[in-house]
Amino acid sequence: MTTLEQWVRVASTDDLEEDDVIEIVVDNLTLALYRTRDGYFATDGICTHEHARLCEGFVFDNVIECPKHQGRFDVRSGKARGAPAHISLRTYPVRVTGTDLEISIEAKWPASEP
Amino acid sequence: MSRPDVVAIVGGGHAAAIAATELRRLGFNGQITVVSTETVPPYDRTTLSKSSLLSGEDPPRLWPELDKGIPEIDLRLGTTVTSFDPAARSLTLSNGEQIGYDRLLLALGAEPRRLSLPGADADGVLYLRNFQDARVLRSRLERDVRVAIIGGGLIGLEVAACASSLGHHVNVIEAGNRVLGRSVSESVASTLVDLHREHGVVFHCATAPTAIATTPEGLVRGVELADGSLIDADVVVVGIGIVPRDQLAAEAGLSVADGIIVNAQCRTSDEHIYAAGDVIRFPTNDVGETIRLEAWQPACRQAGVAAAAMLGYSVSYHDCPWGWSDQYDAFVQTVGVHPPDAEVIDYGDPRTPRGLLSLSLVDGNLVAAAGVSIGSGIAKSIRLVQMALDAGRRPVRGELQARRGDLASLGQYLQRSLRAG
């Protein structure tokens with residue numbers, strides 16, 4: 001990797017409990033930041049199905065369930081996991097520095113998708 | 001029974017599309033033939049009365065794009081099944097062709113209940129069920145028209161919201177004492193009615209239409225009510241319920257009683273034939289009570305169960321039905337089946353982001369909930385109730401009553417009771 005990744009502090013580790021999600025806005029991008037038993041993850045903050053804020057959804061078993069139509073995505077890969085969601089979410093790397101949660105807005109598409 | 005080689009699916013809606021997709025996902029590589037009377041591949045029907053009606057855009061497609069190497073699904077559009085023979089395991093199509101099957105899924109859906117009034121066949125009396133209906137309605141709404149809606153159910157109110165948002169004057173006529181009597185609590189319904197009134201919609205409840213008034217040319221000019229008044233209208237949209245398309249199954253000798261009777265595996269009275277979606281009537285308990293639902297999420301889940309069951313998986317359908325409605329910027333969700341005579345306890349406030357939640361109790365037991373918020377803030381509360389009901393939790397009536405009005409406290413109580421299990 002020759003790209004210089006830019007990390008932005010977006011939240012504190014205290015801002016999220018396990019199986020929790022909050023919305024963050026970075027560079028005009030609305031993102032969802034999750035904490036699960038496997039760590040911290042970030043995806044696009046708006047559902048790919050119809051306009052709905054994922055921060056109002058439910059997190060369980062590394063899955064975010066959209067509040068609007070209960071479409072599901074794996075927060076680790078962004079992959080759509082259940083109807084009516086078919087299109088996956090972009091994901092963003094998250095790192096923990098002390099109590100700071102930092103993300104890089106170098107978006108990643110799930111493997112096997114454009 | 002041996003695993004099937006050939007599956008036929010009759011229907012072109014959500015249940016048909018989900019079942020076909022699920023069969024492939026479960027590794028079934030045999031032949032799948034889907035026979036649909038509609039002229040377009042399966043699409044998201046739920047948008048026809050909401051976003052698609054408002055935007056004029058075609059609804060999103062549901063037909064799966066299969067990965068390389070997975071056998072295609074044979075989709076026969078514009079084709080009707082005229083009969084089927086359970087003994088010979090074959091279908092007869094409208095073009096005379098016969099198709100054999102090892103397993104058959106009947107996902108025939110339902111028909112809008114027709115208005116039987118003088119003038120009901122006038123030009124301008126419309127129904128909304130499929131792609132074509134939606135195009136016709138949308139084209140009528142492109143002109144400056146007065147709209148009358150007969151039936152204050154979810155479809156009626158969703159169309160009212162779209163039509164008034166598009167700038168039309170809308171009257172809603174409901175025979176019952178209030179709108180949404182079958183779907184949501186009185187407080188949720190009145191929140192929506194207030195919102196509709198702010199948009200200029202006029203409601204006429206506890207009054208029945210007696211005739212459709214027409215011009216000499218046979219065009220709609222209004223709806224006559226029992227009190228003798230006339231509501232002027234150029235377009236009448238009828239949303240008074242749906243009737244399951246179970247006739248074909250009845251003719252073939254399957255058990256039918258206002259819906260095709262299935263068991264918890266979505267199997268009909270014939271061991272090779274399954275059914276799913278709006279067309280079925282299924283057991284809700286072990287003592288023979290049955291129910292017919294008219295909603296998207298149960299249809300999808302039933303289709304998944306039917307697909308797995310026909311491949312021999314041990315699955316069963318039991319569900320606490322969940323649904324939603326969009327009207328203006330209000331978001332409605334329901335879980336469970338709202339009984340008309342329930343004890344209702346309200347929490348929260350529709351003017352706050354978390355919204356208003358109504359719990360419905362029968363004999364002291366929580367059976368359903370409905371909520372409304374501006375934006376999707378109500379979703380978390382509804383999801384908690386859904387999880388409690390799915391997990392078989394019996395929240396204590398006194399605890400629910402003690403938290404009356406306080407949505408945050410109710411949420412904490414439900415979360416605690418879920419964790420306790």
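What follows draws every value from the coordinates through simple rules; no lab data is involved. All of these numbers come straight from a predicted model, not from anything done at the bench. As a convention, Cβ positions derive from the backbone with ideal geometry for all residues, glycine included, and neighbour counts pool all protein chains shown.
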Could you count how many residues in the stretch B:102-123 are outside any strand (DSSP E or B) and of a type in the set (D, E)? 2
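Matching residues to (1) aromatic (F, W, Y); (2) part of a loop (DSSP other than H, G, I, E, B); (3) at negative phi; (4) within 14 Å of another protein chain (Cβ to nearest Cβ):
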{"position": "A:V25", "(1), (2), (3), (4)": "no, no, yes, no"}
{"position": "A:A32", "(1), (2), (3), (4)": "no, no, yes, yes"}
{"position": "A:R35", "(1), (2), (3), (4)": "no, no, yes, no"}
{"position": "A:E50", "(1), (2), (3), (4)": "no, yes, yes, yes"}
Being without any contact (Cβ under 8 Å) to a residue 24 or more places away in the chain, more than 19 Å from B:L108 (Cα to Cα) and surrounded by 17 or more Cβ atoms within 10 Å (Cβ to Cβ) is the requirement here; does B:E224 meet it? yes
Looking only at the stretch B:68-113, count every residue that is aliphatic (A, V, I, L, M) and more than 24 Å from B:L254 (Cα to Cα) and tell me the total. 4
Considering (1) within 14 Å of chain A (Cβ to nearest Cβ); (2) crowded, with 24+ Cβ neighbours inside 10 Å, say which one B:L23 fails and leave the rest. (1)
If you go through the stretch B:371-380 one residue at a time, do you hit one that is in a helix (DSSP H, G or I) and within 13 Å of chain A (Cβ to nearest Cβ)? yes
Residue ID - surrounded by the most Cβ atoms within 10 Å (Cβ to Cβ), chosen from residues in the stretch A:52-68 that are out of contact with any helix residue (DSSP H, G or I) (no Cβ under 8 Å at 6 or more places or on another chain) and within 14 Å of another protein chain (Cβ to nearest Cβ): A:L54
If you go through B:R135, B:R129, the only one that is farther than 27 Å from B:W322 by Cα and either part of a loop (DSSP other than H, G, I, E, B) or basic (K, R) (or both) is B:R135
Output for the stretch A:37-48, where each listed residue is among the charged types (D, E, K, R) and either surrounded by 19 or more Cβ atoms within 10 Å (Cβ to Cβ) or within 13 Å of another protein chain (Cβ to nearest Cβ) (or both): A:D44
